[in-house]
1. Just checking, how many residues over the range 79-94 are surrounded by fewer than 22 Cβ atoms within 10 Å (Cβ to Cβ), more than 19 Å from A30 (Cα to Cα) and within 14 Å of the chain's Cα centre (by Cα)?
2. What is the number of the single condition among (1) modelled with pLDDT under 95; (2) buried (at least 19 other Cβ atoms within 10 Å of the Cβ) that R34 does not meet?
3. Mind checking whether some residue in the range 102-118 is out of contact with any Lys or Arg (no Cβ under 9 Å at 6 or more places or on another chain), of a type in the set (S, T, N, Q), surrounded by fewer than 22 Cβ atoms within 10 Å (Cβ to Cβ) and more than 14 Å from L32 (Cβ to Cβ)?
4. Report, by residue number, each residue of the range 131-180 that is at pLDDT 90 or above, not in a loop (DSSP other than H, G, I, E, B) and not small (G, A, S).
5. Looking only at the range 47-61, which residues are part of a helix (DSSP H, G or I) and surrounded by 13 or more Cβ atoms within 10 Å (Cβ to Cβ)?
6. Answer yes or no: is there a residue in the range 114-130 that is hydrophobic (A, V, I, L, M, F, W, C), within 18 Å of H56 (Cβ to Cβ) and either outside any helix (DSSP H, G or I) or at pLDDT 95 or above (or both).
7. Restricting the search to the range 114-148, which residues are small (G, A, S), free of Cβ contacts under 8 Å to residues at least 40 places away in the same chain and closer than 18 Å to G192 by Cβ?
8. What are the pairs with Cβ atoms under 7 angstrom where one residue, in the range 198-211, is at negative phi and the other, located anywhere, is of a type in the set (S, T, N, Q) and part of a loop (DSSP other than H, G, I, E, B)? Sequence gap at least six, or different chains.
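The values are calculated or read from the model by the stated rules, or taken from the named source; none is laboratory data. Please read these numbers as outputs of a predicted model, since none were measured by experiment. Here the Cβ positions follow ideal geometry from the backbone for every residue, glycine too, while neighbour counts run over all protein chains shown.
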Amino acid sequence: MCATIPPVAQTGRFFVAAVLTATAVSAYEASLDRRSIEEAIAIGHARVESVRVRFHQPYRIPVGRAPVDYIEVVTPFRRVEVEAETRARNGNRTLSQREALDLLAAAPDQLEFFVELTFHPQNTYVGVPQYDVRLVATGRGASPPIDPRSIERFPRYGARVQGLPLPYPAAPAVPGQSEPVLGGTLIARFDGRLLDRNGVYEVIVSEAGKELARARTNLAVLR
């Protein structure tokens, strides 16, 4: 005899599926209305792991050019989803719309790029080098590069922690005695109001003006 799925569970499942379908065809939202916040929270609280995995896939840009492994794009919509998902994984209470609004108010219209780095094991770094991150629009001739509002550089002294797609480090880790810097994370924060919500951009990582790596992101396929 087949088990019957409760109506509430069915409704929740269909709602999240509808949200993911809409996400696939919508564009990056610099500001979220209450319905968008509700949809982001629903994905973060989804009980099916594959739902969250599917949602995060378009936001990760593989690079594979030393020292850059990959880049994570964090829109306001994804910022809310990650907070809701983090709480769900930690067994905390659900994220409310009021809390989501407060989270967004702390960084309105902000787009973040997490650049994940791995260094050569024989490097002599004492921290993350002064790498820079810029955005360059494609298909617009000689558009000037867009600089971030701010950029933070966090060293990593151990293996990269797997789990949630975004570690959101709060402060540089304190190394053990003679422990080498194995990698790090750059967090570049951009003013979303300067970007075309349907635009395609090259994310360029450089050091002292020398390009180290670049990757392309299409904001039209994100949310």
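1. 1
2. (2)
3. No, the conditions are met nowhere in the range 102-118.
4. If the condition is that a residue be at pLDDT 90 or above, not in a loop (DSSP other than H, G, I, E, B) and not small (G, A, S), then Y131, D132, V133, R134, L135, V136, I146, I151, E152, R153, F154, P155 are the ones that fit.
5. In the first step, residues of the range 47-61 are kept if they are part of a helix (DSSP H, G or I); the result is 49-59.
Matches in the range 47-61: V51, R52, R54, F55, H56, P58, Y59.
6. Within the range 114-130, the subset hydrophobic (A, V, I, L, M, F, W, C) is 114-115, 117, 119, 126, 128.
Narrowing further to those that are within 18 Å of H56 (Cβ to Cβ): 114-115.
Filter once more, keeping what is either outside any helix (DSSP H, G or I) or at pLDDT 95 or above (or both): 114-115.
Among the residues of the range 114-130, at least one is hydrophobic (A, V, I, L, M, F, W, C), within 18 Å of H56 (Cβ to Cβ) and either outside any helix (DSSP H, G or I) or at pLDDT 95 or above (or both), which makes the answer yes.
7. First pass over the range 114-148, keeping only residues small (G, A, S): 127, 137, 139, 141-143.
Checking the rest, the ones that are also free of Cβ contacts under 8 Å to residues at least 40 places away in the same chain come to 141-143.
S143, the sole residue that qualifies.
8. Hits for this filter: V200/T138; Y201/T138; E202/T138; E207/Q130.
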